[in-house]
Amino acid sequence: MADPRPIPVNIPKFWGGEKELVAQCIEDGWISSEGPKVKAFESAMAKRCDRSHAIAVANGTAALDVAVRALGVKAGDEVILPTFCIISCINEVVRAGATPILVDCGDDFNMNVEEVLSKITEKTKLIICVHTYHFPVNMGPILEVAKEKGIRVIEDAAEMIGQTSNGKPCGSFGDLSTMSFYPNKHITTGEGGMVLTNDPQLAERCEQLRNLCFNPRKRRFVHDELGWNYRMTNLQAALGLAQLEHLDVAVRRKREIGGLYTQLLQGCPGLILPPEKNSFGEANIYWVYGVEVAIDVPADAEEVMQRLAKSKVGTRPFFWNMHEQPVFHNMDMFKNESYPVAERIARRGFYIPSGLGLTDDDIKEVASRVRTVMEDLVKA
């Protein structure tokens, strides 16, 4: 019997207009961050997200670094964020000398809002809300309390580009929103990111920080502080502009992929599937199709992924929690802290191929191999 064909965890989708816009940059000679496509992409994303300003950067991590620094987080401040997230969310908080205050997540993989509110103190400077995998964070209660207490809010919308929450686009909440345009996102620029805001002073601050803190009011190459070279190139922005034209189609396709997986995997033994809607009635955007191995299955996500790898199905584990990261234990942080929901899903959750380039035949093949693996595990 022939080996099964490999199906990678992500296949990006190019819609047809990308080559023309990228080639235009080459023909015009505008390939650096000085090119006009950067401003055009920023304007288009700001409009899409109901924001006044957008600042394109090199990647999603850069967007978070710039956002945290722009808000003036410093030693002595407390910053509340989920333990279940990518490490990019906490990097600049730690570098700034602030104290990260972690919270558990719910079964929807998003931060537990009640726990967020319970951990606010007089030292709380910032809350970082991270929309995770399927649904947006319930932003309403957090924004209400933050406004009352003068606390800043960053919305990490990297995984929810094109999603809405309470009728408003993700990317429109808080003082600053951040995005990533990595190849597995709904819009890709290869690498790339964005910071969005309605505050002109914050926008100017972010622009300076992404550009080595050049001061437009002073002689070039004279710097009063340190920043980063986090600029996006004109080539990347051209790709992003072409992709943005198809965002609504991309989101519809993601939901088709999620719906087909759910139909095909319904009743699969030992596997917990993501819901179509959350408790607030928001539709799942299926940035990835994340599943959880049921607690009574005598295997964790790692073993299931190993078995799927032998069947040539690409997978990725869920995030590893911040309070369990060796780098922070080595800094004497988070020792003896426990967040049971996050600990469970980090060990029992993973996602299967979810890229926009998947065909229906790919999805059917993945579902068949997943079902075979799970049936064999449960029988054992």
Could you size up the charge dipole of region 79-168 around its Cα centre, putting +1 on the beta carbon of Lys and Arg and -1 on that of Asp and Glu, and report it in debye to the nearest 20?
-> 420 debye
With all protein chains present, region 157-243 has a carbon and sulfur share of its accessible area (1.4 Å probe) in percent of 50 percent
Region 239-310 to region 318-335: how many Å between their Cα centroids?
-> 27 Å
At q = 0.13, 0.16 Å⁻¹, work out log10 I(q)/I(0) for region 30-112 with the Debye formula, treating every Cα as an identical point scatterer and leaving solvent out; two decimals please.
-> -0.57, -0.79
With springs only between Cα atoms under 10 Å apart, run a GNM on the chain and tell me which of ALA367, ALA237, ALA157 wobbles the most.
-> ALA367
Projected onto the charge dipole of the chain (unit charges on the beta-carbon of Lys, Arg, Asp and Glu, signs +1, +1, -1, -1), the Cα from GLN208, VAL327, LEU117 with the largest positive-side position is that of GLN208
Run the numbers on region 111-230 and let me know its relative contact order in percent, using alpha-carbon pairs under 8 Å that are six or more apart.
-> 15 percent
With +1 at each Lys and Arg Cβ and -1 at each Asp and Glu Cβ, the charge dipole magnitude of the chain around its Cα centre, to the nearest 20 debye, comes out at 700 debye
Averaged per residue, what accessible surface does the chain expose to a 1.4 Å probe, in Å²?
-> 44 Å²
If you build a Gaussian network model of the chain, linking Cα atoms that sit under 10 Å apart, which residue out of PRO269, PRO82, PRO136 swings the most?
-> PRO269
By the mean-Cβ-within-10 Å protection proxy, highest first, 57-68, 300-311, 10-21 rank as 57-68, 300-311, 10-21
With axes computed from alpha carbons, what is the tilt in degrees of helix 360-379 against the longest principal axis of the chain, rounded to the nearest 10 within 0 to 90?
-> 60 degrees
Mind checking which lysines have their C-alpha under 28 Å from LYS168, skipping anything on the same chain fewer than 8 residues away?
-> LYS13, LYS37, LYS39, LYS47, LYS119, LYS125, LYS147, LYS149, LYS185, LYS254, LYS277
Roughly how big is region 261-363's charge dipole about its Cα centre, with Cβ charges of +1 (Lys, Arg) and -1 (Asp, Glu), in debye to the nearest 20?
-> 160 debye
Output the antiparallel fraction of DSSP beta bridges having both residues in the chain, as a percent to the nearest 5.
-> 60 percent
Among CYS25, CYS85, CYS170, whose mean-square fluctuation peaks in a Gaussian network model of the chain (Cα, cutoff 10 Å)?
-> CYS25
If you take the square roots of the eigenvalues of the alpha-carbon gyration tensor of region 285-368 and sort them as a ≥ b ≥ c, do you get rounded (a/c under 1.5), prolate (a/b over b/c) or oblate?
-> prolate
Folded to 0 to 90 degrees: helix 139-149 orientation relative to the chain principal axis, Cα | 30 degrees
Projected onto the charge dipole of the chain (unit charges on the beta-carbon of Lys, Arg, Asp and Glu, signs +1, +1, -1, -1), the Cα from GLY162, CYS268, ALA309 with the largest positive-side position is that of GLY162
Please determine, in degrees from 0 to 90 and to the nearest 10, the orientation of helix 247-265 with respect to the longest principal axis defined by the Cα atoms of the chain, where the helix direction is its Cα long axis.
-> 20 degrees
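The values are calculated or read from the model by the stated rules, or taken from the named source; none is laboratory data. Since the structure is predicted, the reported quantities are computational estimates derived from the model, not experimental observations. Don't worry about glycine lacking a Cβ; one is built from the backbone with ideal geometry, like all the others, and counts go over all protein chains shown. Surface accessibility is based on the protein's heavy atoms, side chains included, excluding ligands, DNA and RNA. Shrake-Rupley method; radii C 1.70, N 1.55, O 1.52, S 1.80 Å.
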